[in-house]
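Q: This is the structure I want to talk about, given as structure tokens.
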Amino acid sequence: MKKFLVLEDIDFFGTIVLEKGETCQIDKSLNISKKDLKFSIPIEDVIKDSRFKEIHQQEIQIREITEEEDEEIKKYRIQLDVTTSRKKLVEIENFLRKTIEEMI
């Protein structure tokens, strides 16, 4: 099933059947039933119609990190981009290694 956003009012024979901002879920066809109008539009036609925009949704899972997980010791990589000379880079690397070792 696909989900679509209506980008502008869709009018059939003077009757607005879908309003701008409305969303609709379509499996094989979009079934319209307003006042005396009843018809369906195949999903292929909805996809081609510039008045519809397909909405892609992603499922995001969020969970709280426990204190135990927060204290877990693992291997991490630290990356830092700097603009400097090669000589200064060696000094920076040595400083970071020394400081990190003291922190750990």
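The values are calculated or read from the model by the stated rules, or taken from the named source; none is laboratory data. Since this is a predicted model, take the numbers as computed values, not measurements. Note: ideal-geometry Cβ built from the backbone for every residue, glycine included; neighbour counts use all protein chains shown.
Q: Taking the range 20-47, which residues are among the β-branched types (V, I, T) and either touching a residue at least 60 places away in the same chain (Cβ under 8 Å) or surrounded by fewer than 13 Cβ atoms within 10 Å (Cβ to Cβ) (or both)?
A: Pass one, the range 20-47, residues among the β-branched types (V, I, T): 23, 26, 32, 41, 43, 46-47.
The answer is T23, I47.
Q: Looking only at the range 48-64, how many residues end up being in contact (Cβ under 8 Å) with a residue 24 or more places away in the chain and either surrounded by 11 or more Cβ atoms within 10 Å (Cβ to Cβ) or over 15 Å from M1 (Cα atoms) (or both)?
A: First pass over the range 48-64, keeping only residues in contact (Cβ under 8 Å) with a residue 24 or more places away in the chain: 50-55, 57.
Checking the rest, the ones that are also either surrounded by 11 or more Cβ atoms within 10 Å (Cβ to Cβ) or over 15 Å from M1 (Cα atoms) (or both) come to 50-55.
The number of residues fulfilling the criteria is 6.
Q: What do you reckon, is L5 over 30 Å from I100 (Cβ atoms), in contact with a helix residue (DSSP H, G or I) (Cβ under 6 Å, 6 or more places away or on another chain) and surrounded by 10 or more Cβ atoms within 10 Å (Cβ to Cβ)?
A: Values: over 30 Å from I100 (Cβ atoms): yes; in contact with a helix residue (DSSP H, G or I) (Cβ under 6 Å, 6 or more places away or on another chain): no; surrounded by 10 or more Cβ atoms within 10 Å (Cβ to Cβ): yes.
Spelling it out, it is not the case that L5 is over 30 Å from I100 (Cβ atoms), in contact with a helix residue (DSSP H, G or I) (Cβ under 6 Å, 6 or more places away or on another chain) and surrounded by 10 or more Cβ atoms within 10 Å (Cβ to Cβ).
Q: Please determine whether any residue of the range 72-83 is part of a helix (DSSP H, G or I) and over 25 Å from the mean Cα position of the chain (by Cα).
A: Of the residues in the range 72-83, the ones part of a helix (DSSP H, G or I) are none.
There is no residue in the range 72-83 that is part of a helix (DSSP H, G or I) and over 25 Å from the mean Cα position of the chain (by Cα).
Q: Only one of (1) at negative phi; (2) in contact (Cβ under 8 Å) with a residue 12 or more places away in the chain is not met by F13, so which one is it?
A: Of everything listed in (1) at negative phi; (2) in contact (Cβ under 8 Å) with a residue 12 or more places away in the chain, F13 misses just condition (1).
Q: Just checking, which of E59, E101, E68, E93 is in a helix (DSSP H, G or I) and at pLDDT below 90? Reasoning before the result, please.
A: On the way: E59 fails: in a helix (DSSP H, G or I); E68 fails: at pLDDT below 90; E93 fails: at pLDDT below 90.
Within the list E59, E101, E68, E93, the selection yields E101.
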